[in-house]
1. Can you give the calculated 222 nm mean residue ellipticity of the chain, where each DSSP H run of n ≥ 4 adds -39,500 (n - 2.57) and the sum is split over every residue, rounded to the nearest 500 deg cm²/dmol?
2. Which of the three applies to region 58-115, rounded, prolate or oblate, going by the alpha-carbon gyration tensor with a ≥ b ≥ c and a/c under 1.5 meaning rounded?
3. Percent of Cα-Cα pairs more than 29 Å apart in the chain, please.
């Protein structure tokens, strides 16, 4: 049972988008399509990109836990993107279960409070990070769909 309907909605949207990303990522890996050439290490291979998105889902959760003084320690903390990608569905399922387990404790007051530095240096409050976590796999899914259609190289 969630304390906040807003958090519940964000968790449910995140589940939908991360699962949709995973479906498209599997299809991309099987398609033979190529990622764009870039210096970004997350684009070194399809496994690097998939692991990046899946690991980020876990990292958004741990960041939120730190911000609300309820650290998330009962989850796989592997940070190697290729290793995370290799764990596949089991890692994703663990992350999604942890989202529900930990974020159900948030109330509306936790959402719009003070901002905190993200791990990449931008200021976010908890609600903004939840929204970012929803959009991140969505953006990469759309990118992979375009690459498979051969309509976009980025």
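Here, each number is a calculation from the coordinates, and none is a lab measurement. Quantities reported herein were computed from a predicted structural model and do not represent experimental measurements.
1. Details: 5 runs with 100 residues, N = 154.
Calculated at 222 nm, the ellipticity per residue is -22500 deg cm²/dmol.
2. Details: a/c = 2.84, a/b = 2.05, b/c = 1.38.
The shape class here is prolate.
3. Numbers: 2102 of 11781 pairs.
Cα-Cα pairs in the chain separated by more than 29 Å: 18 percent.
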